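Undergrad: Below is the structure I would like to discuss, written out as structure tokens.
The values are calculated or read from the model by the stated rules, or taken from the named source; none is laboratory data. For clarity, every value in this text was computed on a predicted model and none was experimentally measured. Positions of Cβ are backbone-derived with ideal geometry, glycine not excepted, and every protein chain shown enters the neighbour counts. Each accessible area value is taken on the protein alone, full model and side chains, heavy atoms only, with ligands, DNA and RNA left out. Shrake-Rupley method; radii C 1.70, N 1.55, O 1.52, S 1.80 Å.
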Amino acid sequence: MIENLKIIKAQLENEPVINNNQVAKNIKKSVPVPKSNNVKQKNKTKIAPNSEPEQPPQNFTNHKERNDACFGVSLDTIVKEDFDFEKNLALFNKKAFYNKIHKKPDLVPHEKVSNKYKHTENVLHSTPVKFRQVTVPSPAINEYITDDGLVVPSITSELRWKLFNLVEENGLTTGRQNEIIGRAATEMVLQLLGGGYRFNPRNEHQWPRVVVLCGPNRSGAMGVNCARQLSSYGVHTVVVLSEPGLYTPQLANEMALYQFTTGTLITSAAELHGLLDPDFVVVSLADEQTDTVSRNITNWAKSVRSPLMAIDPPSQGTPSVVVKYSLVPALPLSYSESNGKIYLCNMGIPTQVFHLTGIQYKSPFGSKSVIPLHNNE
């Protein structure tokens, strides 16, 4: 255990050794501090040989002299009057200061834009966007626009038949075309019925039922194709033939496949009265050559409260039937209001086939197979 600790200062040359105990005794016997700085000591301090003389302390008569000696400048010349806090506070613009500190810094200066961009859009474009990417030699009356602002002109029925005949001659047969648009129609119906929320294994007790009204034409074949694909998802489908005694080759081919599904086939208009309101109705009754449709079928279509969607309807609409949606292939005709909201289907037609018909074409679909069209007014 350490009983005592002493710090011994190194002895310099000509410096006497100082005893700590002796220093403590001398402190106790120290002389009293003189009362005034003006009192001069009678005994002069003796200067040890070979040592520098000590600097005599400066005597100040008051605090002012001491402050002047410390700071070098008289305080009276610095502080002339009291600081007016209220006056200076009134000059402080608190609102402007708070706006300045709360404003987010603009680290990268840029031009102001008024457009609001989606999370899937690019803010910077490498080249200017050409909003007319499709031009036709003889456009029809209406002109449409996509959600991205691309203009899609309407075409005449003559140019449309020329396009379809040319693409069929080069390998994209009618059956393949029916499969493409039938698939697109199936996707639309599934989404309009509720998508994944409706088609859930826990909802099998309320699985949807879809009625498909089909005529003896190209549109009717597309409708049967859609019914077959809907049936593959477990949807209860009912195909109604408007003219059961009249079959086109396209319709016959589609009916041959549909008979292997669990769907229902109705060939008599009288059986329609037994159908309660279905969840959805697909209308594939008419094309550009259709003049009239069975009155029993049109009356039933008018009576149901279910949404109606047409597949490739005539430009003037299905006779006596007004639908909410219409799905059309490739390029639109000039459609009437009875066709409802127009949706365009990508048929996978090669660009060079469009060019052979005089159509300058660049796909307006982006990454989608079906896009909505709006009237460009």
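Undergrad: Report the label-to-label distance for residue 362 and residue 377 in nanometres (one decimal), using points 7 Å from each Cα along the Cα→Cβ vector.
TA: The two pseudo-label positions are separated by 2.9 nm.
Undergrad: Follow-up question, since we're still on this one. If DNA, RNA and ligands are ignored and the probe is 1.4 Å, what is the ranking of 273, 236, 355 by accessible area, most exposed first?
TA: My answer, sorted largest first, is 273, 236, 355.
Undergrad: Quick one: of the DSSP bridges fully inside region 266-377, what percent are antiparallel, nearest 5? Each step should come with its number before you reach the end.
TA: Values: 4 of 15 bridges.
Counting DSSP beta bridges with both partners in region 266-377, the antiparallel share is about 25 percent.
Undergrad: Calculate, in nm to one decimal, what residue 66 and residue 341 gain on full extension: separation in residues at 0.36 nm each, minus their alpha carbon distance. Please report the intermediate quantities before stating the final value.
TA: On the way: separation 275, 0.36 × 275 = 99.00 nm, distance 9.49 nm.
Gain on stretching residue 66 to residue 341: 89.5 nm.
Undergrad: Could you please put 136, 212 in sequence from largest to smallest accessible area, using a 1.4 Å probe? Please report the intermediate quantities before stating the final value.
TA: On the way: 136 20, 212 0 Å².
The ranking, largest first, comes out as 136, 212.
Undergrad: I would also like to ask the following. Summing Lys, Arg as +1 and Asp, Glu as -1, what charge do residues with Cβ under 12 Å from the Cβ of residue 293 carry, residue 293 excluded? Numbers along the way, then the final one.
TA: Working: positive: 295, 302; negative: 243, 287, 291.
Result for the local shell: -1.
Undergrad: Protein chains only, probe 1.4 Å: how do 287, 279 rank by accessible area, largest first? Write down the numbers at each step before the final one.
TA: Values: 287 30, 279 60 Å².
Highest to lowest solvent-accessible surface, that is 279, 287.
Undergrad: Can I ask one more? Cut-off 11 Å, label point 7 angstrom out along Cα-to-Cβ of residue 322: give me the residues of region 334-356 whose amide nitrogen falls inside.
TA: Taking a point 7 Å out along Cα→Cβ of residue 322, the residues of region 334-356 whose backbone N falls under 11 Å are 337-340.
Undergrad: Okay, next question. If you count only protein heavy atoms and use a 1.4 Å probe, how large is the accessible surface of residue 300, to the nearest 10 Å²?
TA: Surface open to solvent at residue 300 totals about 20 Å².
Undergrad: Solvent-accessible area of residue 192, probe 1.4 Å, all protein chains present, reported in Å² to the nearest ten, please.
TA: Near enough 80 Å² of accessible area.
Undergrad: Then there's this: Could you state how much accessible area residue 156 has, in square angstrom rounded to the nearest 10, with a 1.4 Å probe and all protein chains kept in place?
TA: Rounded to the nearest 10, that gives 40 Å².
Undergrad: Roughly speaking, what is the stretch gain from residue 168 to residue 148, that is 0.36 nm per residue apart minus the C-alpha to C-alpha distance, in nm to one decimal? Present the calculation step by step, with values, prior to reporting the outcome.
TA: Numbers: separation 20, 0.36 × 20 = 7.20 nm, distance 3.04 nm.
Difference between extended and current length: 4.2 nm.
Undergrad: R0 = 25 Å: FRET efficiency of residue 351 with residue 248, Cβ-based, nearest 0.05?
TA: Values: r = 30 Å, r/R0 = 1.19.
Calculated value: 0.25.
Undergrad: Where in region 279-295 is the amide nitrogen less than 17 Å from a point lying 7 Å along the Cα-to-Cβ axis of residue 302?
TA: Flagged as within label range: 292-295.
Undergrad: Also, I was wondering about something else. Filter the cross-link list 324/368; 162/341; 116/341; 302/341; 302/324; 302/368 down to pairs whose alpha-carbon distance in this structure exceeds 23 Å. Walk me through the intermediate numbers first.
TA: Numbers: 324/368 21 Å; 162/341 25 Å; 116/341 25 Å; 302/341 18 Å; 302/324 12 Å; 302/368 32 Å.
Flagged as over cut-off: 162/341; 116/341; 302/368.
Undergrad: So for the pair residue 232, residue 200, with labels modelled 7 Å out along Cα→Cβ, what separation do we get in nm?
TA: Distance between label points: 2.6 nm.
Undergrad: OK, next. Report the full-extension gain for the segment residue 276 to residue 96: residue separation times 0.36 nm, less the Cα-Cα distance, to one decimal in nm.
TA: Values: separation 180, 0.36 × 180 = 64.80 nm, distance 6.87 nm.
Roughly 57.9 nm would be gained on extension.
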